[in-house]
Amino acid sequence: MRGVRRRPISSSPSAMRCWRSSLSTFFGAVADDMTDPEPQRGLPTPLGALVLAAGAASRYGSPKALAPWRGKPMLQHTLDALAPLAPVTLVLGANADRIRESIRVTGAIVTHDDWSEGLASSIRAGLDALERVRPPHAAILIALGDQPTITRDDYTALISTWHDHPDKIVAARHGEVRGAPCIFPRKFFGLLQTLRGDRGARALIERERAQVIDVEIAAARFDVDTPADLRALENTSGH
């Protein structure tokens, strides 16, 4: 298992335009049609982003995806950070209609009826949808809708590391903990489909440690399960 230091994010406008334009045509295709059977020849095989927000948020007491934080729903922070970087597929379950009406998504929404089976089932539902996309994805980035402090630069650091090591799992690390957000190359999709319960992708990261490169992302230690967690974020410096 190897780790990498965060590399400086290029502020060159031309570099960012080049990176974003390589996905722009496909990004539009995802928003318009998840099931287009015809390969789009000449386009790069893209990275897709899977945002998981299907749970009932029973500990929060209300749909935490819609909890206001810094001027917008908590889930919107994750969607906005990822939107310029990769085509986004959002997995909803409990309170799906209410959440869909309250957020902006540039991409696809999957309604997962079996969300009560746990986080792993949401990953499977998202993968099933993404596997209908053409051209097929080279990898997927899995993000959680309850980590609003993770920034675009954080996601960019993960993606940059994956570009350098496209056959490896790339996972966020805080302290000794590795987990979401994380990137899985296509060769791991089958193993992701075998996951069960609420542990999600972290179980596979732990199982495949020799195949993991970690990127230090301090904000990954913050996820929101209760209203007290969200209040604590407001008092955390640097976020």
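Under a Cβ-only charge scheme (Lys and Arg +1, Asp and Glu -1), can you give me the dipole magnitude of segment 157-239 about the Cα centre, in debye to the nearest 20? Could you put the intermediate results ahead of the total?
Numbers: 12 positive and 12 negative charges, 71 e Å.
The dipole of segment 157-239 has a size of about 340 debye.
Gap in Å between the Cα centre of segment 183-239 and the Cα centre of segment 69-88?
17 Å
Tell me which of 163, 194, 145 sits at the most positive position along the dipole axis of segment 19-234, charges placed on C-beta atoms (Lys, Arg +1; Asp, Glu -1).
My answer, from the dipole projection, is 163.
Per Stokes-Einstein, at 10 °C and 1.306 mPa s, what whole-number D in µm² s⁻¹ belongs to segment 19-234, with the Kirkwood radius over Cα pairs as the hydrodynamic radius?
On the way: Rh = 17.2 Å.
Translational diffusion coefficient: 92 µm²/s.
With contacts defined as alpha carbon pairs under 8 Å and 6 or more residues apart, what's the relative contact order of segment 19-234 in percent?
Details: 407 pairs, mean separation 51.1, N = 216.
This gives 24 percent for segment 19-234.
Mind putting a number on the dipole of segment 19-234 about its Cα centre? Charges go on the C-beta only, +1 for Lys and Arg and -1 for Asp and Glu, and I need it in Debye to the nearest 20.
180 debye
Please list, by residue number, every one of the GluC sites (Glu not before Pro) in segment 140-239 that is coil in DSSP and has at most 10 other beta-carbon atoms within 10 Å. Write out the running numbers ahead of the final one.
Values: sites: 176, 206, 208, 216, 234; in loops: 176, 208.
Filter output for segment 140-239: 176.
Would you kindly derive the ³J(HN,Hα) couplings of segment 91-106 from the backbone phi angles with the Karplus curve 6.51 cos²θ - 1.76 cosθ + 1.60 (θ = phi - 60°), listing them in order in whole Hz, with x for Gly and Pro?
Along segment 91-106, the couplings run 9, 10, x, 4, 6, 4, 5, 5, 5, 4, 6, 10, 10, 10, 10, 9 Hz.
Give, in nm to one decimal, the length gained when the segment between residue 210 and residue 236 is fully stretched (0.36 nm per residue of separation minus the Cα-Cα distance).
Values: separation 26, 0.36 × 26 = 9.36 nm, distance 3.36 nm.
The span from residue 210 to residue 236 would gain 6.0 nm if fully extended.
Only the coordinates and a few stated rules stand behind these numbers; no lab work does. Just so it is clear, the structure is predicted and the values come from calculations on it, not from any experiment. Glycine gets a Cβ as well: all are built from the backbone with ideal geometry, and neighbour counts include every protein chain shown.
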